[in-house]
1. Can you give the average number of partner chain beta-carbon atoms within 10 Å of each beta-carbon in peptide B:54-64, as a whole number?
2. Given the options B:G72, B:G80, B:G11, which has the most mean-square fluctuation in a GNM of chain B, springs set between C-alpha atoms less than 10 angstrom apart?
3. Would you kindly state the longest site-free stretch of chain A, with sites defined as chymotrypsin sites (Phe, Trp or Tyr not before Pro) in a DSSP loop (not H, G, I, E, B) surrounded by at most 14 other Cβ atoms within 10 Å?
4. Mind checking the stretch A:253-331 for trypsin sites (Lys or Arg not before Pro) that DSSP puts in a loop (not H, G, I, E or B) and that have at most 12 other Cβ atoms within 10 Å?
5. Between the DSSP loop rule and a limit of at most 15 other Cβ atoms within 10 Å, which GluC sites (Glu not before Pro) in the stretch A:306-395 are left?
6. For a 30 Å ceiling on Cα separation, which of these pairs sit above it: A:K32/A:K119; A:K201/B:K63; A:K119/B:K27; A:K252/B:K60?
7. Over the stretch A:268-349, what is the relative contact order in percent, taking alpha-carbon pairs closer than 8 angstrom and at least six residues apart?
8. If you add up the charges near A:D276, with Lys and Arg at +1 and Asp and Glu at -1, over every other residue whose beta carbon is less than 10 angstrom from its beta carbon, what do you get?
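Just so it is clear, none of the values below were taken in a lab; they were calculated from the coordinates. Predicted model, so just to flag it, every value in this text is computed and none were measured. When we count neighbours, we look across all protein chains shown, and the Cβ atoms used for this are built from the backbone with ideal geometry, even at glycine.
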Amino acid sequence: MELLSTIFQYFLDLGAAVFVPIIMIIAGLCVKMKLKDAISAGITLGVAFVGMNLVVGFMKDAITPVATGMLNSTGLQLDIVDGGWTTMATISWSWPYAFAIFPLQIGINVLMLIFNKTKTFNADLWNVWGKIFIAVIVISLTNNIWIALAIASLQIILELRSGDLHQKTIQSMTGIPGVTCTHRTLFFGCILYPFDCLLKKIPALNKPINIETLRDKIGIFAENHVLGFILGCIFGVIAGYDVGGILNLGIKCACALMLFPMVSKLFMQSLAPISDAVSEFMQKKFAGRELYVGLDWPFMGGINELWIAIIFIIPMIFIDALILPGNNMLPFAGIINFSLAIPALLVTRGNLPRMFILCLIGAPVFLWVGTAIAPYMSELARATGAIELGVNELISNSCINAPVFTYGFGQMFKALTGDFVPLIVAGGWTACWVFYSRYLKKETARLEAEEKAETE
Amino acid sequence: MKKIVVACGSGVATSQTVASKVIKLLKERKVNGVIEAVDMKSLDRTLKDKDIVGYIAITKPYKEYPVPVFNGIAFLTGMGMDKELDKIIEVLK
């Protein structure tokens, strides 16, 4: 046992870019990949880690002086670097037990299908990282792997339930049958729902708006290179740079935002064979049974309102960051905030005025939770070497999925040391979820009746 | 070389899942072609590339595109996958 833990420690000390690929190759062989393909996938995964490290390092070097400059010129302390969700995923995958979440998710899903507790099969194995993410937050507080796995399991179950509950609504909005969204980002909908109930009572907000062409007109501002350039220039102005400095920072920020997706898709490339093997296994096992296939959110990306809201959120979150008490993060790589826009879209069923107001209400939550979890993610990044950070450097994300759930359930064990806030938040989230579930059930019944009437 | 793009929200996860799957299936059928995951926000700009002969959508397309559009959901759910693959191969030949 002693020897085993020494060997284990030796591998961990090699750093995430080496030990995660080793685990990946073993996992690949377990799902019957050819050795050659498994090694290729493993190396790609290592490259993804090193690549992300390069991009994050580059971004930090460009932005850290801005934060210092802002502190000096305005007194604002925004020293947490916003690495966006791709950075959070990188750090999450570096957790030594990360791959254990695959069998956990599949096992729970199979059991729930066998016992008819769900109609959804979660085929989105990329977002296994979301369960790793909350497990990491739990473990850094409790140091107990079983509690971490229990909270991750809770999230797995809720994602499947959420998939069941949202299916009809999503089908009626996208026109795509047989699929649903199992992404945890939908959890935030229950927090927005009570506000939407009030907004529905204001007649002026409930007129339909024609936005057919708006997306094409303003869409350019959300393209990574353009958005990065604009943000970089604004950073430069706030930090008091000269014109040359401003333009250079603009290009550097454009570069960072363009490179993030290019590098992080390498993670998906290397994980694809495992994800494939699992999907095929499930499709065979439950062939002939009517299932909803749970997917990541982008299949809803054809809805124009979503993009208008996302563009609206960009300046709003930026202004919030400057004026909001309790925020220490300078929004950057996470500023394309799907985590806020998607739940707002589903709750309002695409009503833009109400979406805007809900985004306004929801935005501060993302900055506060991003600030709150920064120490935990930075600690893991340092421990595994997934992202190189200095002793006092902090990294986080301004678009954390399901922020209220993550904060509440990730940190509820703080109650043991006398901080009851996260536990109360977890209770509040649960109450809202029950309330929202009831509404979704009613919606499902209504839409099913409509479907029936149409076919008859 | 003829190229087909798959687009999702940020060109990272869903689009790459579909791209990897299509690449694997094309290999099995011994068809050459480049499949690339891209960002939905930059799709119009990307499609100006003359090498691109098709677009695999994982959404319901909201407008007309200059190239043939394929159903990417089929590759995520496995339903109707072979039919879409045949159409893609037709374009790549």
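1. Values: counts 0, 0, 0, 3, 9, 10, 9, 1, 8, 6, 0.
That works out to 4 on average.
2. Maximum among the listed residues: B:G80.
3. Working: sites that count: A:F115, A:F420.
With chymotrypsin sites (Phe, Trp or Tyr not before Pro) excluded where exposed in loops, chain A gives A:116-419 as its longest stretch.
4. Details: sites: A:K265, A:K284, A:K285, A:R289; in loops: A:R289.
Passing sites in the stretch A:253-331 are A:R289.
5. On the way: sites: A:E379, A:E388, A:E393; in loops: A:E388, A:E393.
For GluC sites (Glu not before Pro) across the stretch A:306-395 that sit outside H, G, I, E and B with at most 15 neighbouring Cβ atoms in 10 Å, the list reads A:E388.
6. Working: A:K32/A:K119 28 Å; A:K201/B:K63 33 Å; A:K119/B:K27 33 Å; A:K252/B:K60 35 Å.
Flagged as over cut-off: A:K201/B:K63; A:K119/B:K27; A:K252/B:K60.
7. Value for the stretch A:268-349: 26 percent.
8. Working: positive: B:K21, B:K24; negative: A:E280.
Result for the neighbourhood of A:D276: +1.
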